[in-house]
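What follows draws every value from the coordinates through simple rules; no lab data is involved. It should be emphasised that the depicted structure is a prediction, and the values quoted were computed from it without experimental measurement.
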Amino acid sequence: MEPFETVLSSGQHSVCREHQGVEELEKEAFKRGLPEEERAGLAVNEQALGHYGKMSTDYSEPAASPVSSPVILLIDDEKPFRAVIKQVLSKAGYEVVEAANGVEGINRFNEKPADMIITDIIMPEKEGIETIIELKKAHPRLKLIAMSGGGWYGTDIDFDMAKRLGARTLDKPFALHELLELIDELLN
């Protein structure tokens, strides 16, 4: 299988474009599980991180730094997608807490408050807009990124609502540098 991250002819990086989304990746490499050094071909292309850091095939935990890393709560029902995004964010210096849906995400946030939340919109149990509403009600200054692949009805309505609630938005698939730049902008 080709590396997860591909470089388009325009020079931009694209997540999953050649693989018809996370579902295709799940069928192939992620069935076997991450992380393992033997899966170096799946490592995100180092160029994708630019000045945010370099990727390597070393999947061990990053060395502890004297300054605490910003905590990002990643809420998405696609486990393979979470694994890849967690890998990218961890290598960029963030501490990542995962949740599979809005209910789990709110519980995780209450256990360990995050500096930022990145949430999918379409999920089981509690979808993204409900999650954003509940979290913003309790924490009005919380920084949020809402993302979605659109589902059967598209993203316009959900993204409009997310923006009105103070979230920034990203369409899946998105370029990794777009995600990292947006996180940097919101946290700094």
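Per-structure values
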quantity: Gain on full stretching of the segment that runs from Asp171 to Ala138 - 0.36 nm per residue minus C-alpha separation; calculated: 9.3 nm
quantity: Extension gain from Val67 to Glu130, taking 0.36 nm per residue of separation minus the Cα-Cα distance; calculated: 19.4 nm
quantity: Cα Rg over Rh - region 79-188, Kirkwood; calculated: 0.92
quantity: Mean separation of Cα contacts under 8 Å (6+ apart) over length of region 88-147, as relative contact order %; calculated: 34
